[in-house]
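The values are calculated or read from the model by the stated rules, or taken from the named source; none is laboratory data. All values derive from a computational prediction rather than experimental measurement. Don't worry about glycine lacking a Cβ; one is built from the backbone with ideal geometry, like all the others, and counts go over all protein chains shown. These area figures cover heavy atoms from the full protein model, side chains too; ligands, DNA and RNA do not enter into them. Shrake-Rupley method; radii C 1.70, N 1.55, O 1.52, S 1.80 Å.
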Amino acid sequence: MRKLLILMVSAVGLFLFYFTFQAAAAVFYTDWDLPDAGEQDENVPRVVLITNETDHPFWRDVTAGAEKKAGELNVDLDVSGIYGSNTEDFLRKIEIAIYSKVDGIIVQGLDNEKFKELTKLKAASYGIPVLTVAHDVPKEESLRKTYIGSDQFEAGELLARELLKDMGTTGEVVLMMDSEPEYFQRKRFEGVEHVLAGYPDIEMIEAKIGDREQGLSTVNDLLNHFPQATSFLAVNASFTEELVKEIETRRKVEPYYIYTFDEERGAYALLESGKIDGVVQQSPEDMGQLSVELMSDWLQKDSQPLDIEGYFTEVSIIKDLSSQ
Amino acid sequence: MKHLQKKIWLLAIVVLIIMVIIWISLTYYNQKMQDQYNQILERYLVMNELNMISQETVTSLNAYLLDPSDANYRTIERRKNRMRQLYEEVTAFRNTDNESELTNYTNLTVSLVEMTERSVNFQISGEIETAKSALNEAIHIADYVSEMRLSVIDKELRTYDIFYREMIDRSEKLTELGVWLLITIILMLLFFTYWFSLRITKPLEKLTESAKRLSKGQFDREIEADSKDETAILAGTFEQMRININNLFIETKQKARLEAELQKSKYLLKESQLLSLQSQINPHFLFNTLNTLSKKAYIEGSEETSDLLVSIADLMRYNLRHMDKPTALHEELHVLKQYIQIQKARYTDRLTFITEIDETCLDIQIPGMTLQPIVENAIIHAVEPSEDGGTILFRVRHALNHVVIEVEDDGPGMTEEKIEMLKDARAVTSEKGNGIGFKNVVQRLKLFNASDDVVDIVSQPGQGTKISLYILKERSGQTYDQSSHSG
């Protein structure tokens, strides 16, 4: 009886001790890791990547490539993008980056006076090198160090050649652009024009969407204005989906030769469903990587000259997803 | 009571130590939490203050451009200095998580300061338009500072999110720990107190039981206490006492038995003595016989024989009756006369007994059988050896406090040495008669008078002996209980 009692008491005691210690351990054990008080290495370059439409697959790839490279090269990369494409916000980001005295800015080129002023005056006065990525701006207007991305002229040529292959040498080709086309759009246009110029049976129509003078406030108006069009090239890729939808409401899509760039979100889906005939595929990840690499080189070696014309990444045209 | 005290102290100290440990660790923990919390809060406050000062700097710059007074200039300077200080502080907050945001933030403030300085310089050099545009830029930058502050704080919040959650979780766990601790300590204390009190009370209980047993008279079971403290000492002494009592008890029992046996044997002895006495001749029978013989002799005409027989019978009766009690002197004297009559029948003319008695002395009390042995001595020493016999003078007279009884003979006397021996009542061996008789008389008289001064002997060889006995007229209340007997 007595032994049983002692046994019980010790069992209860052990039980209590166990839980008490458990509870004490839970209270006193600190397992949160607060970030280390930064022994910040002053030599780590702070580079900021500024893009529009950060949630866009294209830009996500650029960012991913840049971040990957930044990790490898020990570069403190700060991705500072905006959702959508609000020019004002975008410029604000650039300005903040400049005033924050980052070591380098990699930015999606924007063919805009304010952008040029910022890069030319502000960035230069703060001694911050600017690289443009994916979309270029004229080098003499922006004082960018270099451009990393597709050769848009070449892309235009590529597209035009593909079109010739598909369509033949006669037809009415509509090139959709912004009313005030950005530099990269102009380059693409030039590329297309360069190829198609040699074919007199092909009529090139420069459709500036949103241009009141042309009477093209929206994509809708395209079909009304150019009922004879046999082919559409989305120089500004973002018009593609709208165009396809618009055509579908009236007639079949198949007879049209529609081409676009991979900047369009739905480009591959449209291609898969056969609604469009080709997508110019760029190499966003390469762009990201290369831009960071070049920036890092520039910052570390300082004197190494960069090719002011730009470093071009691969461009190809995808016609059939299954072939990829 | 050192051991018990030690035990109590030990318990108290153990409890105290546990309490102190708990208190210290909780306080430490609390302090740590508080520090962490304060630290984080301070970060926010400092970061925020940097922003506030930035805005104020722009405001003061604006005021300065509108009114380029010294006071306004000083305000700008003061705020700029403050911004530099805060810059240092905020820079110290950098960690791996917030590095880029924080660097942007601080650099923005630096840009702001630079822009402010530029604006002020333009103002001073008179390029007011440029100064204004610099002000506009400064306003922009201040805006960006404000914006960046939000993202810095946002980042901080995200970084410390774990911490806050952990803190909340921690405080819940602390409550839990408190409950567990409380239960554990209560149980531990109860257990220890029980155990501890048991260690004190158990030996005491045993002792109490032993005491009860002792009080019931069971001395044979050993007293034990299985402890090492004072109770053990108590038990030890108690045990010693028990052993002693037990021994005494056994001893007393044995004595009692022995005594009982002794009593019994004594009783038996008495009985046997009685029986032996009974078996002896009844003295009364002897007196009666002697009296009968006396009457017979008288009837047969032998008057002298009859008288002698009566004397012997009287003498015997007196001896038997009065030996133990003091008697009056006249009674003693009467017996003496009977004795002399008997002796006269024996020695006839050879014995001359002369008495000179003061009758007023005869009422005095003396021990029985005092006179006869003295006179007998005198007859033995003075009359018997001489052919012509002798004379014995018996005298009773008054002295100052005493009655003096003198027995004087005209016998051969004795030496000084012998006189001394007799006076001291030492045993005197005498070829004739009975020295012990004299000694016995002297001793009894000494007891009776309660004094050593009771006998006087005057004698010289060849000139007789005179023995004087002194009897106190008034004895000092002492009862003379004579237990000795004559010889």
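Could you give the spread of the C-alpha atoms of the stretch B:348-472 along their three principal axes, from largest to smallest, in whole angstroms?
The principal-axis extents, from largest down, are 39, 32, 23 Å.
Residue by residue through the stretch A:59-64, which ³J(HN,Hα) values in whole Hz follow from phi under the Karplus form 6.51 cos²θ - 1.76 cosθ + 1.60 (θ = phi - 60°), with glycine and proline marked x?
Per-residue couplings from phi come out as 6, 4, 5, 4, 4, 4 Hz.
Two decimals is fine: what is log10 I(q)/I(0) at q = 0.07, 0.09, 0.13 Å⁻¹ for chain B, from a Debye sum with one equal scatterer on every Cα and no solvent?
So the normalised log intensities work out to -0.75, -0.84, -1.19.
Normalise the Cα radius of gyration of the stretch A:102-145 by 2.2 N^0.38 Å (N = residues in it) and let me know the number.
Details: Rg = 9.0 Å, N = 44, 2.2 N^0.38 = 9.3 Å.
Scaled against compact globular proteins, the figure is 0.97.
Largest first and in whole Å, give the semi-axes of the stretch B:1-149's equivalent ellipsoid, each being the square root of 5 times a Cα gyration tensor eigenvalue.
Working: eigenvalues 671, 48, 16 Å².
Listed largest to smallest, the semi-axes of the stretch B:1-149 are 58, 16, 9 Å.
Have a look at the stretch A:91-129 and report residues whose accessible surface goes down by 30 Å² or more when the remaining protein chains are included, against the chain on its own, probe 1.4 Å, ligands and DNA/RNA excluded.
For the stretch A:91-129, once contacts with the other chains are taken into account, A:Arg92, A:Glu95, A:Ile96, A:Tyr99, A:Ser100, A:Lys101, A:Tyr126 lose 30 Å² or more.
With the calculation restricted to Cα positions, what are the radius of gyration and Dmax of the stretch A:112-191 in angstrom?
Spelled out, the Cα radius of gyration and Dmax of the stretch A:112-191 are 16.1, 53 Å.
Leaving out same-chain residues fewer than 8 places away, which lysines sit with a Cα under 25 Å from that of B:Lys173?
Filter leaves B:Lys32.
Output the Cα-based Rg and Dmax of the protein assembly as shown in Å, rounding Rg to one decimal and Dmax to a whole number.
For the protein assembly as shown, the Cα radius of gyration and maximum Cα-Cα distance read 76.6, 229 Å.
How big is D, in µm² s⁻¹, for the stretch A:152-281 by Stokes-Einstein at 10 °C and 1.306 mPa s if Rh is the Kirkwood radius over C-alpha pairs?
Working: Rh = 14.3 Å.
Diffusion coefficient, whole number: 111 µm²/s.
Heavy atoms only, probe 1.4 Å: what % of the accessible area of the stretch A:57-98 goes to carbon and sulfur, would you let me know?
Details: 790 of 1930 Å².
The computed percentage sits at 41.
Which lysines, on any chain, are close to A:Lys208 with Cα under 26 Å apart, when same-chain ones fewer than 8 places away are left out?
By straight Cα distance, A:Lys208 reaches A:Lys114, A:Lys116, A:Lys139, A:Lys165, A:Lys187, A:Lys245, A:Lys252, A:Lys275, A:Lys319.
Can you give me the distance in nm between label points at B:Tyr298 and B:Ser215, each placed 7 Å from the Cα along the Cα-to-Cβ direction?
About 8.3 nm separates the two model spin labels.
Counting heavy atoms of the protein chains only and a 1.4 Å probe, report the per residue accessible area for the protein assembly as shown as a whole number of Å². Show your work: numbers first, answer last.
Values: 44040 Å² over 811 residues.
With the other protein chains kept in place, the protein assembly as shown gives 54 Å² per residue.
Packing-wise, with mean Cβ within 10 Å as the measure, how do B:242-251, B:39-48, B:444-453 rank, highest first?
Values: B:242-251: 12.7, B:39-48: 15.0, B:444-453: 17.2.
Descending mean neighbour count gives B:444-453, B:39-48, B:242-251.
Once the convex hull of the C-alpha atoms of the stretch B:161-296 is built, how many Å³ does it hold per residue, rounded to a whole number?
On the way: hull volume 16.5 nm³, N = 136.
Value for the stretch B:161-296: 121 Å³ per residue.
What is the Cα convex hull volume of the stretch A:39-131 when expressed per residue in Å³? Don't jump to the answer; show the numbers that get you there.
Values: hull volume 8.7 nm³, N = 93.
Normalising the Cα hull of the stretch A:39-131 by residue number yields 93 Å³.
Work through the residues other than B:Arg84 whose Cβ is under 15 Å from its Cβ and net out their charges, Lys, Arg +1 and Asp, Glu -1.
On the way: positive: B:Arg78, B:Arg79, B:Lys80, B:Arg82; negative: B:Glu49, B:Glu56, B:Glu77, B:Glu88, B:Glu89, B:Glu114, B:Glu117.
Charge balance near B:Arg84 sits at -3.
Report which residues of the stretch B:169-216 become buried by 40 Å² or more of accessible surface when going from the isolated chain to the complete set of protein chains (1.4 Å probe; DNA, RNA and ligands ignored).
B:Arg170, B:Lys173, B:Leu177, B:Trp180, B:Thr184, B:Leu187
Using only Cα positions of chain A, each an equal point scatterer, no hydration layer, compute I(q)/I(0) via Debye at q = 0.08, 0.12 Å⁻¹ and quote the log10 values to two decimals.
Once normalised to I(0) and log-transformed, intensities are -0.46, -0.85.
Based on alpha-carbon atoms only, what is the radius of gyration of the stretch B:81-206 relative to the globular estimate 2.2 N^0.38 Å? Provide the component values of the computation, followed by the final result.
Details: Rg = 31.3 Å, N = 126, 2.2 N^0.38 = 13.8 Å.
In units of the 2.2 N^0.38 Å rule of thumb, it is 2.27.
Give me the lysines in straight-line cross-link reach of A:Lys3: C-alpha distance below 29 Å, same-chain residues under 8 apart excluded.
Straight-distance partners of A:Lys3: B:Lys6, B:Lys7, B:Lys202, B:Lys206, B:Lys228.
Could you sort A:Trp298, A:Trp59, B:Trp9 by their accessible area in this structure, using a 1.4 Å probe and putting the largest first? Working shown, then result.
On the way: A:Trp298 50, A:Trp59 10, B:Trp9 155 Å².
Ranked from most to least accessible, the order is B:Trp9, A:Trp298, A:Trp59.
Express the carbon and sulfur contribution to the solvent-accessible surface of the stretch B:348-472 as a percent, rounded to the nearest whole number, probe 1.4 angstrom.
Working: 2800 of 5930 Å².
It is 47 percent, rounded to a whole number.
Buried accessible area for the A:B pair, summed, 1.4 Å probe, in Å² rounded to 100? The partial results should precede the final answer.
Values: alone 17160 and 30550 Å², together 44040 Å².
In total, chains A and B hide about 3700 Å² from solvent.
Let me see the P(r) profile for the stretch B:107-152: every Cα-Cα distance counted, bins of 5 Å, each bin given as a percent of all pairs.
7, 26, 28, 17, 11, 7, 3, 1
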